[in-house]
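The values are calculated or read from the model by the stated rules, or taken from the named source; none is laboratory data. Remember, it's a predicted structure, so these values are computed and weren't measured experimentally. Cβ sites come from the backbone with ideal geometry, for glycine too, and all protein chains shown count toward neighbours.
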Amino acid sequence: MTFGRDLVRGSLDLMVLSALAEGPLYGYLIQKRIREASGNLVRLQAGTLYPLLHKLEANGAIESRWDNTGGRDRKWYELTSTGRRTLQDQAGQWHEYVNCIRRLLNPALEALEVAPQADPTTT
Amino acid sequence: MSEREFESYLRLLSRFLKFSTEQREAVARELRGHMEERLEELLERGYTRDEATQLALDEFGDAAILANQFGRIGRRRRWIMRTTTATVTIAATILLVSFLMPERRALVPAPPFSMAAEQARKPAGDAPAPAVQPARRQTREITPGESEADKRVLEQMKIVLPTVDFAEGTGFAELVEWLRVQTKLSIDVNWPALALGNMERNTDTGGMSLRDVKAETVLEILLDKVSAAAGGVAALDWQVTDGVVRISTADQLKARTVVRVYDCQDLLRQAASPSTMPVDPQTSAAARAEDMENLIELIKNTVEPGSWAPDGTVGSISEYDGLLVVLHNWRAQHQIAGLLNDMRQAKAARNVEGAGAATRPAADRGAARRDQTVSRIYDVRDFAEGNSSQQALARLIRDQIEPGTWTPDGSTGTIDFWNDRLVVRHDETAHRRLLNMLDAIREIRGPSR
């Protein structure tokens with residue numbers, strides 16, 4: 001099952017920033033990284049990704065640099081120190097949030113006799 | 001072959017992007033790279049070149065909408081540039097008009113989220129008190145949609161007057177009085193506001209000689225003449241609030257905002273008809289939420305685009321339990337009411353006639369006059385269903401109908417798809433051409449349903 005739009009929308013920034021956590025990537029690779037890391041559950045459309053990248057750059061969370069090696073013009077993005085801080089902040093918040101929701105949901109899930117999904121936060 | 005398609009898409013996108021040439025080229029370069037890589041990947045996976053090209057383009061969506069997404073960032077940067085190059089006249093007018101307003105609420109940007117919302121009266125009817133986003137300006141009252149009194153007045157303004165015959169030298173106030181008598185309506189003129197634009201009771205209207213015109217048309221012509229006679233410093237406009245026709249300067253009217261609540265439950269995708277299996281509540285709730293989101297997006301793009309928070313500073317729109325809560329000036333609210341109404345008619349028509357019938361354009365509403373544009377809904381599901389054919393149709397319309405006038409922030413025209421219906425905002429000429437084109441397409445394709 002893919003996730004509802006609302007769920008995904010709220011964490012797009014976080015997803016892109018975390019994709020860049022291990023080093024610079026360009027748009028196409030960012031998209032690929034997110035898709036793979038999410039087990040193919042999050043498929044970020046290019047029409048959403050690129051405006052988002054530009055927004056993040058405008059806000060100073062990431063910076064870009066053009067690279068023409070290999071005959072292909074590519075715009076590489078990497079986290080700025082601000083971006084890294086934001087990522088750490090938000091990731092921490094998300095972790096708390098997920099635990100909180102899980103605590104709230106467990107009794108409800110039991111009542112409905114639905115088996116909780118595998119923990120998505122374990123890596 | 002695919003390069004050509006990519007290039008024409010990127011060229012179209014560039015045209016829409018509100019960036020410097022350098023930035024536009026950079027965006028095009030970046031996206032081109034992505035398209036090429038995607039194309040390679042798809043070819044490797046066994047897609048034909050045509051399929052792969054189409055898929056690569058589909059990923060980006062409609063060029064105008066995409067440019068709009070980029071534009072949201074650009075606007076913030078440009079706002080900074082604009083204020084530093086602002087003309088003196090604008091600043092002066094603002095100062096002048098704000099002097100006029102005793103409460104100084106109109107054009108001086110108020111701090112966001114003022115507690116003026118508490119002054120708002122409770123909504124009429126059984127609607128639950130909505131979680132209203134606190135007003136940015138002084139709120140007047142929360143009204144469900146357009147009040148009945150106002151609707152009656154607006155209807156009355158459409159009555160046809162057989163003769164209008166006034167000689168040159170007839171004063172403004174005299175013609176207003178005549179309209180009062182003819183329409184039997186309360187008409188109030190904000191003379192102090194007008195005085196600032198050199199308009200007063202005795203301003204020469206230049207006379208009028210018309211036959212069989214609606215009262216609202218007479219009024220609009222009158223306001224144009226008076227404004228011109230006074231040197232065109234300030235445009236005049238009219239609106240209906242609390243059952244009274246108010247005449248004032250366009251700026252002053254535009255500045256007053258009001259909160260309105262619209263019930264949109266009936267416009268969202270419902271569960272299947274009672275006779276069929278009940279739809280999974282989760283899915284239908286998600287579908288309705290998505291519809292609501294799309295509806296809000298649609299309204300923001302077609303009604304006073306650019307004025308909506310967070311990018312704009314005039315209006316805001318929120319959803320609460322199937323209710324749309326909108327803060328904006330009267331004109332925008334009037335357009336929204338009209339748009340929602342058109343959608344209702346389209347939906348009703350669909351249920352009766354089935355797909356294949358384009359909604360006959362509704363009568364022009366006075367509110368659209370100022371910009372000369374109006375929003376209309378067309379049912380095109382008989383030949384454009386699904387994302388890529390919708391986008392293809394949108395591209396076709398932009399290229400064929402008044403090309404060059406379609407922009408993402410809608411300074412002239414916008415195209416949106418809502419619930420698979422085509423919603424277009426443009427002037428009458430464009431709509432007429434569009435209708436002809438749609439009819440022609442249907443004729444060529446033959447009866448399909």
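So is B:Ala228 within 30 Å of B:Val261 (Cα to Cα), part of a helix (DSSP H, G or I) and modelled with pLDDT under 90 or not?
no
In the range A:14-30, which residues are within 14 Å of another protein chain (Cβ to nearest Cβ) and among the hydrophobic types (A, V, I, L, M, F, W, C)?
If the condition is that a residue be within 14 Å of another protein chain (Cβ to nearest Cβ) and among the hydrophobic types (A, V, I, L, M, F, W, C), then A:Leu25, A:Leu29, A:Ile30 are the ones that fit.
Residues checked against (1) surrounded by fewer than 16 Cβ atoms within 10 Å (Cβ to Cβ); (2) on the phi < 0 side of the Ramachandran plot; (3) among the charged types (D, E, K, R); (4) modelled with pLDDT of 90 or more:
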{"position": "A:Gly4", "(1), (2), (3), (4)": "yes, yes, no, no"}
{"position": "A:Tyr28", "(1), (2), (3), (4)": "no, yes, no, yes"}
{"position": "A:Asn40", "(1), (2), (3), (4)": "yes, no, no, no"}
{"position": "A:Gln45", "(1), (2), (3), (4)": "yes, yes, no, no"}
{"position": "A:Leu79", "(1), (2), (3), (4)": "no, yes, no, yes"}
{"position": "A:Arg84", "(1), (2), (3), (4)": "no, yes, yes, yes"}
{"position": "A:Ala91", "(1), (2), (3), (4)": "yes, yes, no, no"}
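Please specify each residue of the range B:226-257 satisfying the condition of being at negative phi and not hydrophobic (A, V, I, L, M, F, W, C).
If the condition is that a residue be at negative phi and not hydrophobic (A, V, I, L, M, F, W, C), then B:Ser227, B:Asp237, B:Gln239, B:Thr241, B:Arg246, B:Ser248, B:Thr249, B:Asp251, B:Gln252, B:Lys254, B:Arg256, B:Thr257 are the ones that fit.
Across the range B:54-68, what is the number of residues that are under 14 Å from B:Arg11 (Cα atoms) and more than 10 Å from chain A (Cβ to nearest Cβ)?
Looking only at that region, the number is 1.
Just wondering, is there one or more residues in the range B:164-171 that are assigned to a strand (DSSP E or B), crowded, with 19+ Cβ neighbours inside 10 Å and over 23 Å from the mean Cα position of the chain (by Cα)?
yes
Scan the range A:45-61 for residues that are facing chain B (nearest Cβ under 10 Å) and assigned to a loop (DSSP other than H, G, I, E, B) and jot them down.
Once the filter is applied, which keeps residues that are facing chain B (nearest Cβ under 10 Å) and assigned to a loop (DSSP other than H, G, I, E, B), the range A:45-61 yields A:Gln45, A:Asn59.
Please go through the range B:157-175 and pick out each residue that is touching a helix residue (DSSP H, G or I) at 6+ places or on another chain (Cβ under 8 Å) and either closer than 14 Å to B:Val245 by Cβ or among the acidic types (Asp, Glu) (or both).
Residues satisfying the conditions are B:Met157, B:Lys158, B:Ile159, B:Leu175.
Give the number of residues within the range B:44-53 that are buried (at least 16 other Cβ atoms within 10 Å of the Cβ) and either part of a helix (DSSP H, G or I) or within 14 Å of another protein chain (Cβ to nearest Cβ) (or both).
So the count comes out to 2.
Does at least one position in the range A:70-81 carry a residue that is away from chain B (no Cβ under 13 Å), without any contact (Cβ under 8 Å) to a residue 40 or more places away in the chain and under 13 Å from the mean Cα position of the chain (by Cα)?
no
So, B:Gln239, is that one within 23 Å of the chain's Cα centre (by Cα) and not in a loop (DSSP other than H, G, I, E, B) or not?
yes
Name the residues in the range B:180-225 that are assigned to a strand (DSSP E or B) and farther than 22 Å from B:Met157 by Cβ, would you?
Within the range B:180-225, B:Asp204 is the sole residue that qualifies.
Mind checking whether some residue in the range A:31-43 is more than 10 Å from chain B (Cβ to nearest Cβ), assigned to a helix (DSSP H, G or I) and of a type in the set (A, V, I, L, M, F, W, C)?
Scanning the range A:31-43, I find at least one residue that is more than 10 Å from chain B (Cβ to nearest Cβ), assigned to a helix (DSSP H, G or I) and of a type in the set (A, V, I, L, M, F, W, C), so the answer is yes.
Hey, could you check the range B:288-306 for residues that are in contact with a helix residue (DSSP H, G or I) (Cβ under 7 Å, 6 or more places away or on another chain) and in contact (Cβ under 8 Å) with a residue 60 or more places away in the chain and say which is nearest to the other protein chains (Cβ to nearest Cβ)?
Per the criteria, the residue is B:Leu295.
List every residue pair whose Cβ atoms lie under 7 Å apart, where the two residues are 6 or more positions apart in sequence or sit on different chains, the first residue falls within the range B:17-41 and is more than 9 Å from chain A (Cβ to nearest Cβ) and without any contact (Cβ under 8 Å) to a residue 40 or more places away in the chain, and the second residue, located anywhere, is assigned to a helix (DSSP H, G or I) and among the hydroxyl-bearing types (Ser, Thr, Tyr).
From the range B:17-41, the pairs are B:Arg24/B:Ser14; B:Ala28/B:Ser14; B:Leu39/B:Ser2; B:Leu39/B:Thr53.
For B:Arg38, state whether it is closer than 24 Å to A:Lys55 by Cα, assigned to a helix (DSSP H, G or I) and touching a helix residue (DSSP H, G or I) at 6+ places or on another chain (Cβ under 6 Å).
yes
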